[in-house]
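A.B. asks: My structure is below; once you've seen it, I'll send some questions.
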Amino acid sequence: MSSSAPQVPREPKYYSVKRHLLEIMDSLEPDSVVPTERVLSAELGTSRTTVRQALLELVAEGRLVRRHGSGTYVAEPKMTWPLHLTSFTEQAAANGFTASTQLISAQRIRADDAVAGRLAVDVGASVFRIERLRLADERPMAVETAHLSAARFPQLPRHIRRVQSLYVALADVYGVVVVSAEESIATAPASPREAALLHTDTGAPMLVLGRHSFDASGQPVEWVTSWYRGDRVTFIANLTAPR
């Protein structure tokens, strides 16, 4: 009894449309407009629903960007962002970008269970919640929220307003240097507020970094959550085999 060769699954129609769009994009500069759904549907002899699915997938991948009331455009190339235990300012400079920061808010709050556990303080203890918009070459890159102990770092908001870099303030004012950290990466949709700050759409894919930093004695320094546009940045981590 002869066995038949396994059948190769048929390529979804939207995927062939996607490949066609990628060929078109190869000849276009960043920020160039791509044909409309109606034009592409007529050119390819397929439904607008199929074209829309291909466009949405390319937008989710960061290859295209949609601007409401204007059209769909070829996206700027993604920034490659190596993950190092340095400040945002230092990371940006190492990658050839000029970093800047906009302080959104600096508040003294009471630590909830989660923050207290991260900072090794009592629940209800005073902590600073510092929210900043981080930019590279004037392009919004991330919304960052840091929590630090108010007892350990008195008047921290004032010092951050003066020097902008949190790590510089920690080292120069308090003599604290971050030497290790645990970092996590997750995905989540952008809330309306994050979308507005990062100039993207509500629900757009975001990369969410959580960093728990420690000093040389192993004492927690900060707990930071950073929301990055998933269509704008690619994270790179250098890994080594255990000895």
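A.B. asks: Could you tell me how many cubic angstrom of Cα convex hull volume segment 151-243 has per residue?
C.D. replies: 143
A.B. asks: Modelled label-to-label distance, Ala106 and Thr240, 7 Å Cα→beta-carbon offset: nm?
C.D. replies: Going by the 7 Å Cα→Cβ label model, 3.6 nm.
A.B. asks: Among Ala241, Tyr228, Ala216, whose Cα lies farthest out toward the positive end of the dipole of segment 200-243, if unit charges sit on the beta carbon of Lys, Arg (+1) and Asp, Glu (-1)?
C.D. replies: Selected residue: Ala241.
A.B. asks: Compute, for the chain, the length of the dipole vector about the Cα centre, with Cβ point charges of +1 (Lys, Arg) and -1 (Asp, Glu) only. Units Debye, rounded to 20.
C.D. replies: Dipole of the chain, to the nearest 20 debye: 380 debye.
A.B. asks: Moving on. Might you report the magnitude of the Cβ-based charge dipole of segment 116-195 about its Cα centre, with Lys and Arg at +1 and Asp and Glu at -1, to the nearest 20 debye?
C.D. replies: Using Cβ point charges on Lys, Arg, Asp and Glu, segment 116-195 gives about 300 debye.
A.B. asks: Can you give the direction-averaged projected area of the convex hull of the alpha-carbon atoms in segment 24-73, in nm²?
C.D. replies: 3.4
A.B. asks: Expressed in nm², what is the orientationally averaged projection area of the convex hull enclosing the Cα positions of segment 101-153?
C.D. replies: 3.8
A.B. asks: Mind computing the radius of gyration and Dmax over the alpha-carbon atoms of segment 64-126? Å is fine for both.
C.D. replies: 19.1, 51
A.B. asks: Out of the total accessible area of the chain (probe 1.4 Å, heavy atoms of protein only), what percent is carbon and sulfur?
C.D. replies: On the chain, the fraction of accessible area on carbon and sulfur atoms equals 52 percent.
A.B. asks: In the neighborhood of Thr36, defined by Cβ-to-Cβ distances under 11 Å, what is the net charge if each Lys or Arg adds +1 and each Asp or Glu adds -1?
C.D. replies: With Lys, Arg at +1 and Asp, Glu at -1, the net is +1.
A.B. asks: Next up: Regarding segment 65-190, what are the three Cα extents along the principal axes, ordered largest first, in Å?
C.D. replies: Rounded to whole Å, the extents work out to 51, 29, 26 Å.
A.B. asks: Quick one: Karplus J couplings for segment 145-157, per residue in order, coefficients 6.51, -1.76, 1.60, θ = phi - 60°, nearest Hz, x for Gly and Pro?
C.D. replies: Working through the residues one at a time gives 10, 10, 10, 9, 5, 6, 5, 7, 10, x, 6, 4, x Hz.
A.B. asks: Kirkwood Rh over alpha-carbon pairs of segment 8-119, then Stokes-Einstein at 25 °C and 0.890 mPa s: what D in µm² s⁻¹, rounded to an integer?
C.D. replies: 137
A.B. asks: Between segment 214-231 and segment 20-61, what's the alpha-carbon centroid distance in Å?
C.D. replies: Computed from Cα coordinates, the inter-centre distance equals 39 Å.
A.B. asks: If a/c stays under 1.5 just call it rounded; otherwise compare a/b with b/c (prolate if a/b is bigger, oblate if not). Do that for the chain, with a ≥ b ≥ c from the square roots of the Cα gyration tensor eigenvalues.
C.D. replies: Prolate.
A.B. asks: Any chance you could look up the accessible area of Phe235 with a 1.4 Å probe, heavy atoms only, rounded to 10 Å²?
C.D. replies: It works out to around 40 Å².
A.B. asks: Here's another thing I want to ask about it. So what is the accessible area of segment 145-243 per residue, in Å², with the probe set to 1.4 Å?
C.D. replies: Result: 52 Å² per residue.
A.B. asks: Taking the convex hull of the alpha carbon atoms in segment 191-233, what volume per residue do you get, in Å³?
C.D. replies: 74
A.B. asks: Let me ask something else. Sum -39500 (n - 2.57) across every DSSP H segment of at least 4 residues in the chain, then divide by the residue count to get the 222 nm mean residue ellipticity, nearest 500.
C.D. replies: Theoretical 222 nm ellipticity from helices: -8500 deg cm²/dmol.
The values are calculated or read from the model by the stated rules, or taken from the named source; none is laboratory data. Note that the structure is predicted; figures quoted are calculated from it, not measured. Cβ sites come from the backbone with ideal geometry, for glycine too, and all protein chains shown count toward neighbours. To get the accessible areas, we keep the full protein, side chains included, count just its heavy atoms, and leave off ligands, DNA and RNA. Shrake-Rupley method; radii C 1.70, N 1.55, O 1.52, S 1.80 Å.
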